């Protein structure tokens, strides 16, 4: 491979890394072409991609990026998995690759400049989707306002219940007193 080609690959990888929200290194040994196409197709469906490149070129691309911690996971036949959207969705999709067994393993990753182990990536997959987290947060934010409204309405409700009870007693007492008279 010529130097110009290598430089172009490093620049392309650097550009993709600058746009990515999460980057992972996977090890793949013995994947058939059909299985590799399936992996790529599933990743594209969630706005992600699988890049295969030489370790030295990936190291050069990682050098000035926030993903330089991935360098420790390089070596042997690896691929770089990048996601440009929700990192949780990527982790869940990677969990669906368990059927590939030893052919496809995650070595590690980086999210927001923080290195991730394969166990942390699996824990990320266990998180609920972003929309559910936002709904839970909104519920937590609305709870104090709801409690305050209930607290402010309670004295009026208590008076209404007392008046209703007095009215029922008067109705019972008044209804039994009239026939006896």
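A few remarks follow.
- Computed from Cα positions, the angle between helix 3-19 and the longest principal axis of the chain comes to roughly 10 degrees.
- Ordering of 59-68, 112-121, 28-37 by burial proxy (mean other Cβ atoms within 10 Å per residue, highest first): 59-68, 112-121, 28-37
- GNM flexibility winner over the chain from 153, 122, 55 (Cα, springs under 10 Å): 153
- In degrees, nearest ten, helix 130-180 long axis to first principal axis of the chain (Cα): 10
- Listed peptides 2-10, 101-109, 157-165 by packing density, highest first (mean Cβ within 10 Å): 101-109, 2-10, 157-165
- Shown for 146, 21: other C-beta atoms within 10 Å of each C-beta, ranked fewest to most, produce the order 146, 21.
- Between helix 33-45 and the chain: long-axis angle, C-alpha atoms, 0 to 90°, nearest 10: 40
- Placing a label point 7 Å from the Cα of residue 7 along the Cα-to-Cβ direction, the residues of segment 53-74 whose backbone N falls under 19 Å of that point are 54, 56-64.
Coordinate-derived values only; no laboratory data. These figures come from a predicted structure and were not determined experimentally. A quick note on method: Cβ atoms are made from the backbone with ideal geometry, for glycine too, and the neighbour counts reach across all protein chains shown.
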